[in-house]
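Where a number appears in this text, it was derived from the coordinates with a stated rule and is not lab data. Predicted model, so just to flag it, every value in this text is computed and none were measured. We place every Cβ from the backbone using ideal geometry, glycine too, and count neighbours over all the protein chains shown.
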Amino acid sequence: MKRDSKIVVKQFTIILLVAFMIILVIVVSGIMMGMSSKILQLKSIIQIGLAFLFLIIGIFALYKLGQNIFPHNKFPRDWNTTFDAVSDVLWLLDKDFKIIRTNQAAEKLLGMRAKDLIGKHCWEIVHQTSIQDVECPVFEVNRTGKSASSEIQAGEKWFYIIINPIYSHNKELMGYVHTIRDITVKKNIEVAIVKIQKQNALLADLLQNSSQPFAIIYRGGRISMCNAAFRNLLGYTEEEFTEIANINSITPLEWAEYENDNINKLLQTGEPVRFEKEYIRKDGSRIPVEIFLHMSKDLSGELQFFYSFATEITERKRAERTLKESEERFRKVADSAYEWIWEIDETGLYTYCSAAVEMILGYKSDELVGKKHYYDLFLSENREDLKAEVTKIFSKKNAFHGLINKNLHKNGTIVTLKTSGSPVVSTTGNLIGYIGTAQDITLQQQSEEDLRRLSERLLMATKSAKIGIWELDYATQTTIWDDTIYQLFDIIPGQEVDYNEVWRKRVHPKDLIEYKKLEQEAIVGDGKIDSLFRVILDNGSIRYIKVDAILQRDSTGKPSGLVGTNYDITTIKLAEEAIRGLNEKLEQKVKERTESLEKANKELEAFSHSISHDLRGPLRTIDGWSLALMEDYYDLIDDRGKVFLGRIRNGAQQMGLIMDAILKLFRIVRAELLISKVNLSEISQKIISDLKLQNPDRKVKVIIQPDLIIKGDAVLLNLVMVNLLNNAWKFTSTKPEAIIEFGKKEIDNQTVFFVNDNGVGFEMKYASKLFGAFQRMHSDKEFSGTGIGLATVKSIINCHGGKIWAETKVNQGATFYFTLKEI
Amino acid sequence: MDTKTIVLIEDNISDVELTLRAFGKAQLNNEVVVCEDGLIALDYLFGRGDYSERDIRQVPALILLDLKLPKVEGLDVLRQIKADKASRRIPIVILTSSSEERDIAECYDIGINSFIRKPIDFEQFVDVVTLLGKYWLNINEPPPFYFEGLLIQ
């Protein structure tokens, strides 16, 4: 444009000059015409001459001017313009290759004006040499006479030079047209292209051989190209892969949508996308990959293809999974821990709370996370103090242990926590937060307090009870004794003692052996020692010490020592011994008594045997021979003698009855009870029936209470009733209206049976003698009997754990009462 | 005189005589062999000692045995009689003063036929002996006896 404007200015100047000259010619002609009337001839010749002169001057001026604008006035003006308009340098050379004409491009391209160029050899300009350059096409033009060209580098520039010979009509060489085209740009592009091509080849090679899997994918999924690494990733050979060559066939269905989303994102933003997915390998297995997907657009911005870098992330995934698992494990552990595990950020806001917090403080984890600060739960009364303390720790990024803090449970109760924490610091050293644990020690504190009190009480108790407590450590063979133990061993308290030596010196050797044996048994057995030993004091007296010990074991179960108590039981022991002595004496006495009793029993047995055997014989002799005397010598014995003999026989027979009764009594005493249900009412009925049968003349009113059932020996109780009812029957025999009653009544809350009659009765002063053997209230003449019956009854009642007694008055009957123990 | 022999084993002379008297009263005319102790009784029964000449095929019809005997106790006599094949079937009635349960039980265990306690009242004793004789010698069917395969009548 600049160039064009210059041309326009120059052209405009020429037009102005031409216009001026024409006007000038017209003016001069006009003047001359005006004068022609006077001196036409001469003057007109002068005028014409002047006009021509001016014209010539004008033309010359124009020529001069035109030379500046159109240097070679040989060319027509429009050709000149064209010549100048060409962007290549155009030179007209003469036959000697001297520049005779040049265009504007030369100045621009070479920075040289026409005047600097004209007359110079072309090589002087182009090659800047005084002689022709070898590369110069001039040679070839000279040689061939035809046009020649070459590319020449001059400095940073590249020129394309064409030299065309110009021939006249008669084929005579007139000169040359020398064109210089600046091909620097083209040349540079060419170089760049080669370079790019080389680079491309290198890149392609790199991609092909790179271990980074890479693929070029068309829209729709067809894989245009991929490298070996990509195929290897999927386990295919090149051939096999050619058949597949589609992303869709190596992408699991479940990943397709996700992949599409990412592709759409790429298409929308144009920014490469990075995402994880899985590929299906040839063997069917899945391989996790990270895809870095780019798109390539053509100049119009249309998608050409995608290219994708796939990185196997199996390890990363595994690591991630491991991390996730380990984190999950941590969470699980954290959540199952009794301790509350917490995390806070740098502002003190909870970022994690394990499940235990609900148990400890009543808040659910999500009630705290992101909502509360570590100090929100502190008890208000010392919140600020605690907060200040913790803030101080945080500011130093210190870990802390066992910080005791009281907190408010959601339900309003106070919970004492023991909190420990460690700072979490970023790689740059900034505090990110804290992680730690809190343990509910409310109960523990309570128990510690209780334990302290208990141990105080125990101490008081053991002190006042003089129970000594000791500990023995097997590893060091050292003991810890309390003051009482020292006192028990008669050693001044606090003194350092060799436990083994004290034992050897003080403990009775026998007891020492026994104790060591028990200790060994405890180690293999139940771990307990309960024994006693004797301590021999300096003055020779003996102290009895009770020892209770429990074996202690270390964490591996190995016996580590003993903890035990000692207690002076000398007094008890002495008392025990005294008691034992007494007991032994007593036992001896009992034994002696038992023996004599047994002896007596045996004698009694022998006696009863003797009665039944040996005494009966003589009685029979007395009776038998008395009768024989009576029979055989009936005539010789007078009536008185016969009465005497009768009395002898009577006595003998009576004695037989007594002996039988005695035997019966002995048997009862010796017999064992056979317990069963006994209906006393039925038994009584039977006895009365028998009596009535034996004495049909007797008129007796009998009242028997029905169903008096007790537990006892049926045979013996029958004997009781027989005796009592027989007595009643017998002693009412003199009564015309006899009444016998058997029944039961309550006396002093006790069931008492009774047999009542309205017979002769007896004097109460003899009542105590009633139940002794051979005690008879009445003469044989009045009522016959052995005197053994009631003794037998009493024996039986006693055997049944009961009592028997009688109430009577002379001639007013008698009542026999008896009780029976409820068996 | 009845051929059926009664063996009375009793040491007390008074009792022996009373018993014989009772037999008389009961009109038992059988031969009564009185053995005054256990040894004599066994000698007699098995044909030993003083009785070695005795024909042991003469088996007594009834043995009346007292338990309290000199030399060999009544229970031992009983055992030996019962241990012998020939004598074991002879009916044995214990006639004694004892009524010890223990004795009665043991006697029955060994295998007696009757146990009688002698009453003190002699009249009663006569009654007992009368019944006894009648029963064992007249009513009761005696067992058969064999000696060397021959039945003895």
Query - Compactness index (Cα Rg / 2.2 N^0.38 Å), segment A:209-268 - result: 1.16
Query raised in the report: What's the average, rounded to a whole number, of partner chain beta-carbon atoms within 10 Å of each residue's beta-carbon in B:122-130?
Result: 3
Query raised in the report: How do B:21-32, B:84-95, A:194-205 rank on mean C-beta neighbours within 10 Å, highest first?
Result: B:84-95, B:21-32, A:194-205
Report summary line: Per-residue average of other protein chain Cβ atoms inside 10 Å, peptide B:94-102 -> 4
Query - Cβ charges +1 (Lys, Arg) and -1 (Asp, Glu), total dipole of segment B:6-152, debye - result: 440
**Report entry** Using θ = phi - 60° and Karplus 6.51 cos²θ - 1.76 cosθ + 1.60, couplings along segment A:407-424 (whole Hz; Gly, Pro as x)
**Finding:** 10, 9, 5, 4, 8, x, 7, 9, 10, 8, 10, 10, 10, 10, x, 10, x, 10
Query raised in the report: Within 10 Å of each Cβ of A:648-656, how many other protein chain Cβ atoms are there on average?
Result: 2
Report task. Normalise the Debye intensity by I(0) for segment B:6-152, one equal point scatterer per Cα, no solvent, then take log10 at q = 0.11, 0.14 Å⁻¹ and round to two decimals. Result -> -0.39, -0.64
Report task. Starting with the highest mean, order B:110-117, A:519-526, A:597-604 by the number of other Cβ atoms within 10 Å, averaged over the residues of each peptide. Result -> B:110-117, A:519-526, A:597-604
Requested in this report: Can you put A:TRP91, A:TRP342 in order of Cβ neighbours within 10 angstrom, beginning with the fewest?
Outcome: A:TRP342, A:TRP91
Requested in this report: For A:GLN552, enumerate residues with amide H under 5 Å from its amide H, sequence gap 5+ or separate chain, H modeled in the peptide plane.
Outcome: A:SER560, A:GLY561, A:LEU562, A:VAL563
Report summary line: Taking the dipole of the protein assembly as shown about the Cα centre (Lys, Arg +1; Asp, Glu -1; charges at Cβ), the one of A:THR82, B:PHE145, A:LEU615 that reaches farthest to the positive side is A:THR82
Query - Beta bridges per DSSP with both ends in segment B:6-152, % antiparallel, nearest 5 - result: 15
Report task. Please report, in Å, the Rg and the Dmax of the protein assembly as shown, where both are computed over Cα atoms only. Result -> 78.8, 267
**Report entry** Note, ³J(HN,Hα) from phi for segment B:49-56, Karplus 6.51, -1.76, 1.60, rounded to Hz, x at Gly and Pro
**Finding:** x, 4, 9, 5, 7, 5, 7, 6
Report summary line: Dividing the surface of the Cα convex hull of segment A:331-456 by four yields a projected area in nm² of 8.7
**Report entry** Shape metrics for segment A:644-725, restricted to C-alpha atoms - Rg then Dmax, Å
**Finding:** 16.7, 51
Report summary line: The equivalent-ellipsoid semi-axes of segment A:453-603, taken as the square roots of five times the Cα gyration tensor eigenvalues and listed largest first in whole Å, are 39, 19, 16
Report summary line: Low-density loop GluC sites (Glu not before Pro), segment A:78-173, at most 12 other Cβ within 10 Å, DSSP non-H/G/I/E/B, are A:GLU156, A:GLU172
Query raised in the report: With charges only on Cβ, +1 for K and R and -1 for D and E, what is the dipole size of the protein assembly as shown about its Cα centre, in debye, rounded to 20?
Result: 6060
Query raised in the report: What do the square roots of 5 times the Cα gyration tensor eigenvalues come to for segment B:66-153, in whole Å, largest first, as semi-axes of the equivalent ellipsoid?
Result: 25, 19, 10
Requested in this report: Output the Cα-based Rg and Dmax of segment A:84-176 in Å, rounding Rg to one decimal and Dmax to a whole number.
Outcome: 12.8, 42
Query raised in the report: Where in chain A are the helices, taken as whole DSSP H runs, whose Cα atoms extend 24 angstrom or more along the long axis and whose Kyte-Doolittle mean reaches at least 1.0?
Result: A:2-69, A:714-731
Report task. Using the charge dipole of the protein assembly as shown (Lys, Arg: +1 at Cβ; Asp, Glu: -1 at Cβ; taken about the Cα centre), state which of A:TYR766, A:GLN653, A:SER224 has its Cα farthest towards the positive end. Result -> A:SER224
Report summary line: Once the dipole of the protein assembly as shown is set up from charges on Cβ (+1 Lys and Arg, -1 Asp and Glu), the residue from the list A:LEU207, A:TYR176, B:ILE56 lying farthest towards its positive end is A:TYR176
Requested in this report: Could you state the orientation-averaged shadow area of the convex hull built on the Cα atoms of segment A:566-622, in nm² to one decimal?
Outcome: 4.8
